[in-house]
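The values are calculated or read from the model by the stated rules, or taken from the named source; none is laboratory data. The shown structure was predicted, so the numbers you read here are calculated from the model rather than taken from an experiment. We place every Cβ from the backbone using ideal geometry, glycine too, and count neighbours over all the protein chains shown. With ligands, DNA and RNA removed, areas are computed over all heavy atoms of the protein, side chains included. Shrake-Rupley method; radii C 1.70, N 1.55, O 1.52, S 1.80 Å.
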Amino acid sequence: FYNCSSLTSIVIPNITSIPNYMFYGCESLVELNLPATVTRLGYDSFYKCASLTSLDLKNIAFTNNYVFYKCSGLTDVILSTLLTSVVAYLFAYCTNLDNIVIPANYTSIGQAAFTNCTSLKTITLNENIKTINGSAFNGCSALESIRLPEGLTTLATSAFNNCTSLSSIDLPAGI
């Protein structure tokens with residue numbers, strides 16, 4: 001279904017995985033209801049599905065990079081508690097995403113995971129986050145404040161570059 005730009009809805013059967021590039025460029029896809037059997041999301045599987053507005057990823061146990069890259073309509077995401085990290089570029093350029101809560105079992109935020117999420121105003125990081133990789137929140141221009149967890153051991157270069165509204169940072173003692 002690569003670049004089926006007029007596709008607005010899909011019924012996903014009881015499969016366990018969405019293959020790489022499966023719905024890449026399906027810009028008119030409005031709704032995504034993943035059955036409980038889907039636990040894996042392939043590389044670029046929903047890349048540039050600009051009309052998606054919400055995601056419930058609670059059953060996802062594995063995801064590749066770039067899965068929701070440029071899903072610019074996305075405003076609401078429920079992350080899975082079966083994962084331990086937000087992988088690289090997972091939500092990059094999701095320009096309408098305004099809030100994200102990172103579940104308690106996550107330990108890292110991947111490279112450019114939320115880069116250029118220009119509406120992202122609130123980020124709730126759990127105390128178990130150890131690593132925030134490079135450019136993780138680069139260009140999150142609506143972000144006004146951030147509280148980094150006490151357990152954070154690595155804050156990579158450019159993690160918060162170009163966060164032009166950022167006026168308050170609460171750093172842990174160990175950084």
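Might you tell me the accessible area per residue for the stretch 58-143, computed with a 1.4 Å probe and given in Å²?
Working: 3010 Å² over 86 residues.
Per residue, the stretch 58-143 has an accessible area of 35 Å².
When the Cα atoms of the stretch 44-175 are enclosed in a convex hull and the volume is divided per residue, what value in Å³ results?
Numbers: hull volume 10.3 nm³, N = 132.
Each residue corresponds to 78 Å³ of Cα convex hull volume.
Gap in Å between the Cα centre of the stretch 99-156 and the Cα centre of the stretch 1-49?
That distance is 26 Å.
Check the straight Cα-Cα distances from Lys70 and name the aspartates and glutamates below 13 Å, setting aside those fewer than 8 residues away within the same chain.
Within the straight-line cut-off, Lys70 pairs with Glu27, Asp44.
Return the aspartates and glutamates within reach of Lys130: Cα separation strictly under 19 angstrom, same-chain partners fewer than 8 residues apart disregarded; answer none if there are no such residues.
Partners within reach: Glu150, Asp170.
From Cα pairs below 8 angstrom and at least 6 apart in sequence, can you work out the relative contact order of the stretch 71-175, rounded to a whole percent? Present the calculation step by step, with values, prior to reporting the outcome.
Numbers: 318 pairs, mean separation 22.9, N = 105.
Contact order relative to length: 22 percent.
Quickly rank 68-77, 145-154, 111-120 as a protection proxy: mean count of other C-beta atoms within 10 Å, highest first. Intermediate values should be presented prior to the final figure.
Values: 68-77: 20.6, 145-154: 14.8, 111-120: 22.6.
By packing density, highest mean first, the sequence is 111-120, 68-77, 145-154.
Return the sequence-ordered ³J(HN,Hα) values of the stretch 135-152 in whole Hz as given by the Karplus equation 6.51 cos²θ - 1.76 cosθ + 1.60 applied to θ = phi - 60°, using x for Gly and Pro.
Taking θ as phi minus 60°, the curve returns 6, 3, 10, 4, x, 7, 5, 8, 5, 9, 8, 8, 10, 8, x, 4, x, 5 Hz for the stretch 135-152.
Please provide three numbers in whole Å: the alpha-carbon extents of the stretch 2-122 along the principal axes, with the largest listed first.
Largest first, the stretch 2-122 extends 34, 29, 19 Å along its Cα principal axes.
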